[in-house]
Each structure stands twice: as C-alpha cells, then as structure tokens.
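Here's the structure, in structure tokens; my notes come after.
Throughout, read-outs are computed from the coordinates displayed, never taken from laboratory work. Everything numeric in this text was worked out from a predicted model, so none of it was measured. Note that each Cβ is placed from the backbone with ideal geometry, even for glycine, and that neighbours are counted across all protein chains shown.
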Amino acid sequence: MRNVTPDNLTDIAAASFGGLPDARQRELVQALVRAMHAYARDVRLTHAEWRAALAFLHRTAAITSDSRSEFSLLSDVTGLSSLVDLMASAPDTTPGSVLGPFHTVGSPWLENPANLVGANTGEVVVIRGQVRSVDGTPLPDATLDYWQNASNGLYWQVDDAQPRDNLRCQMQVDAEGRFEIATIRPVPYEIPTDGPVWSDLVEPAGRSSWRSAHAHVIVSAPGHRTLVTELFDAEDPYLDQDAVFGVREALIGRYEPTREPALCRRLGLSGESCPVMRFDISLAPERPG
Ligand code: BEZ
Ligand code: FE
C-alpha cells in the first residue's frame, strides 16, 4: 500500500474495511467510503472546506447531549431521515414520517377511548381511526404510542410547566382495530435554533424553522411492520414548508365539525359536538424472513 495514488486510493480505502466480520456493516462502511470519496472528487474539496466541515461536526457534537441530538436534527433538515422513512414504507400503506427527538419510551397505557386533555388549554379535538392490514383486515391486536406538543408549542420534556407525560399515551385498539383520542389540537413549532444546524445551514439558506402542526404515532401489530408516522392538519399554514420534510399528502387530515353526542360522552367531553379528524392506518405485513 505504499504507492497510493488518486486513482487507487478509493479502492484501497474501501478494501481496508474488508475484514469487518458483519457482511451488512461491511457493505455499509465500504459504500460510505466510496460515496465520500466520490463527493470529494466531484466538488474538488479543498483543505479549507474539509477543515470547516470537521469544525461544523465538532460544534454539532459539542451541543449534543442525552436529551438533545444535533446529529438527528442534521439528518432531519437534510432530508435523510425522511428518505429512510419513505424507503421503508410499503406501497399502498400509510407512509412513515420522522420520529423526531421527543419520543421517549414508557408512555402511560390508557384505556381506549383515551382522553389526554387534562389541564391543557387549546382547542379540544378528537382523532379517531382504524388500524388495518394492507388488504383491509382490521388489526385488533394493534397498539398505538401517541405523543404531541402542548398549546405553547412545547413537548412536556422541555417545559417544566407541564406535568410529566402530558399529551402522550400508549393504547390498545378495540376488537375492530378502532381507536379514539380526545386531545387538544397540536400547534406548529420551531426546530431548535440555538445550534450549528440552524445557524450554519438552515437559516443562511433562507429556510423556515417551522414544523407544520402534527401529532406523532407509532403503530405496532403482530405480524406487521411497525409504522412511525405523523398526522398533519389540513388547515396548518406550514404544510408546504415543514423544516424536516415530514409532510405527505396521505398524512394530512381535516378536523371536521362533528355532532355526535355519544362520541363526546364516551370521551368525557362536555357538549355534543367537537372537531373530529379521521385517520385510518394501513400496515404492511412483515417481510418474509
Ligand atoms: C418533532 O417532530 O418533534 C421534531 C422533528 C425534527 C426536529 C425537531 C422536532
Ligand atoms: Fe413533533
């Protein structure tokens, strides 16, 4: 390996990882080396640019902690997170969308129908739907893990004024795969603007810092691929400028004024009508093997 040249370097560097014992890891690392070299050749990367990129990554690492990953944000704003979500989505099923940084395991299990309103201010709404397999069969064993922000835009983890576990729950669907959640209408909020991803990349590009209003849900069912996705609001002003490319047409629902006294009673809501969004979910069967 003493005669390294621009022509043989990429092959030599990729081959140097040939000893990685896991075949998939070997494929990932070798392809990454080739992609990085191809990029550097393509843009004719200079020393100054390479140093600036490393300095950016150092600053990205410096602001990252257990409760805040600037690297996830980098993946989100460059569309990489959404690309991975979309590649994992099977045709004719509900598309995936970004997990985001505010999912934490261990949400409380609530009875279905669930009421998350508690002491929150904001517009009381209902989200309901049915979980089915892609062939239309209802999935009565499905579970939901649901979380959203409060009316000040913040998730409970970053807002001392909110009680622990505010506006999040896990729940089991009913015998027909149906679920009902009374909650407050999620509002748009900004991605973190105190780190290098915002100051060096997103802001100078003239891009929006806003995430379109959404609720997150992870849907799991035996024999099916777990879906991580989001529900968007057809009336939200940021649908066309979501900072992390999470919006998909199939994920946009509309809160329709609905008069249904029995629904309000079931969910413990006062009055006989409320805005209801219908959000049906279609899951793909697990891949064979
Ligand atoms: C979120 O949806 O919670 C989120 C996603 C990406 C960046 C920041 C927040
Ligand atoms: Fe979110």
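Rundown of residues vs (1) within 12 Å of ligand 2 (Cβ to nearest atom); (2) in contact with a Gly (Cβ under 9 Å, 6 or more places away or on another chain), yes/no style:
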| residue | (1), (2) |
| --- | --- |
| Gln148 | yes, no |
| Gly153 | yes, no |
| Gln157 | yes, no |
| Phe179 | no, yes |
| Trp198 | no, no |
| Ala205 | no, no |
| Ser209 | no, no |
| Ser220 | no, no |
| Thr226 | no, no |
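Provide a single number: the residues in the range 129-167 that are assigned to a loop (DSSP other than H, G, I, E, B) and in contact with a helix residue (DSSP H, G or I) (Cβ under 9 Å, 6 or more places away or on another chain).
8
What is the one condition in (1) within 21 Å of the chain's Cα centre (by Cα); (2) more than 25 Å from Ala243 (Cβ to Cβ); (3) buried (at least 20 other Cβ atoms within 10 Å of the Cβ) that Tyr146 does not satisfy?
Here Tyr146 clears every test but (2).
Working only within the range 149-169, note down all residues that are surrounded by 19 or more Cβ atoms within 10 Å (Cβ to Cβ) and either under 21 Å from Arg266 (Cα atoms) or of a type outside the set (Gly, Ala, Ser) (or both).
Asn149, Tyr155, Trp156, Gln162, Asn166, Leu167, Arg168, Cys169
Run Ala31 past the list (1) aliphatic (A, V, I, L, M); (2) free of Cβ contacts under 8 Å to residues at least 60 places away in the same chain; (3) within 30 Å of Asp194 (Cα to Cα) and report the number of the one that doesn't hold.
Ala31 satisfies every listed condition except (3).
Where in the range 199-289 are there strands (runs of 3 or more DSSP E), lying fully within it, with 3 or more residues that are closer than 30 Å to Leu57 by Cβ?
Those strands (runs of 3 or more DSSP E) span 214-220, 227-233.
Can you name the residue in the range 170-198 that is in a strand (DSSP E or B) and among the charged types (D, E, K, R) and is also nearest to ligand 1 (Cβ to nearest atom) among such residues?
Glu190
Filter the range 99-123 for residues that are of a type outside the set (A, V, I, L, M, F, W, C), touching a residue at least 60 places away in the same chain (Cβ under 8 Å) and either in a loop (DSSP other than H, G, I, E, B) or over 30 Å from Ala243 (Cα atoms) (or both) and give the result.
Gly100, His103, Ser107, Pro108, Glu111, Asn112, Pro113, Asn120, Thr121, Gly122, Glu123
Can we say Val126 is outside any loop (DSSP other than H, G, I, E, B), away from ligand 2 (no atom under 16 Å from the Cβ) and touching a residue at least 60 places away in the same chain (Cβ under 8 Å)?
Considered against the rule, which asks whether it is outside any loop (DSSP other than H, G, I, E, B), away from ligand 2 (no atom under 16 Å from the Cβ) and touching a residue at least 60 places away in the same chain (Cβ under 8 Å), Val126 comes out as yes.
Scan (1) loosely packed, with under 14 Cβ neighbours inside 10 Å; (2) touching an Asp or Glu at 6+ places or on another chain (Cβ under 8 Å); (3) among the aliphatic types (A, V, I, L, M) for the single condition Ala35 breaks and write down its number.
Ala35 satisfies every listed condition except (2).
Just give me the residues in the range 60-84 being farther than 21 Å from Tyr189 by Cα and either crowded, with 16+ Cβ neighbours inside 10 Å or touching a strand residue (DSSP E or B) at 6+ places or on another chain (Cβ under 7 Å) (or both), in sequence order.
If the condition is that a residue be farther than 21 Å from Tyr189 by Cα and either crowded, with 16+ Cβ neighbours inside 10 Å or touching a strand residue (DSSP E or B) at 6+ places or on another chain (Cβ under 7 Å) (or both), then Thr60 is the only one that fits.
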